[in-house]
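These notes are about the structure you will find just below.
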Amino acid sequence: MGIDSVLIYLVVLGIPISIFLILYFFSPILVKYYNLIWYSFNRKARITRQRNKESEGFSTGIVVGLLILLLFSVFGYIFINSLGGEHFTDMLMLNSQGTIGKYPNYVQIYQNNSVYLVIQNHEGRPMLYQLEVIVNNGTSNSTLDTLYFIIMNGHSLTIPVNYTFYSAGTYKVMFLLYSYDPHSGKFVYDNVFTQIPVSVET
């Protein structure tokens, strides 16, 4: 939830709570002033009987009003959460030491190389992901591995990826992330990816 949504939620929830506290703790005073106002406009009426009835009506009105405010708060909470802010998935690549930078861009053939991918779920719900590890040699792609995993909303997962080259050349190792769409029953590519250029020498 973004800062703007939090502020809106605080306003939506804060106003009913403030009114509830005022009515709860100051209802005798409010009843007193209500009766005084009623009396000033109804001097010739049957004051005693009417004031008792109006007081009862006022107390009933407080209960009904509080219920309405409670419902207003609940629906306000649901509405703000439905806005939810921007939903997205983020992917970050780390080196074998678990830090950013100093990736294995220059390697030898038969050398074992490794990186870590940190996937962060901010979609507002648990997500099933598919990660494809692809090597491009400039003319074609080959899939090294396909991984599947679930990440809860607001959580992240660190995935180690290992790969080895068996011939010299210039390559790109690409990491493409797909998310499962329950409506279509398929994994959908949401343009979440990262890649690393690699020069392999003998």
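Tabulated results
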item	result
Sequence of Glu201, Glu132, Glu86 from largest to smallest accessible area, 1.4 Å probe	Glu86, Glu201, Glu132
Per residue solvent-accessible surface (Å²) - the stretch 128-184, probe of 1.4 Å	56
Full-extension gain in nm, Gln195 to Leu36, via 0.36 nm per residue minus C-alpha separation	49.6 nm
Asp181 paired with Gln120, simple spin-label distance in nm, labels 7 Å along Cα-to-beta-carbon	2.6
Positive dipole terminus of the stretch 82-202, leading residue within Gln111, Tyr180, Asn191 (C-beta point charges)	Gln111
The stretch 75-202, accessible surface, carbon-and-sulfur percent (1.4 angstrom probe)	53
Efficiency of FRET from Cβ geometry, Leu147 and Tyr106, R₀ 30 Å, rounded to 0.05	0.70
Gained length - Thr89 relative to Ser156, 0.36 nm times residue gap less alpha-carbon distance	23.2 nm
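The values are calculated or read from the model by the stated rules, or taken from the named source; none is laboratory data. Keep in mind that what you see is a predicted model, and the values were worked out from it rather than measured. Backbone-built Cβ (ideal geometry, glycine too); neighbour counts: all protein chains shown. Surface accessibility is based on the protein's heavy atoms, side chains included, excluding ligands, DNA and RNA. Shrake-Rupley method; radii C 1.70, N 1.55, O 1.52, S 1.80 Å.
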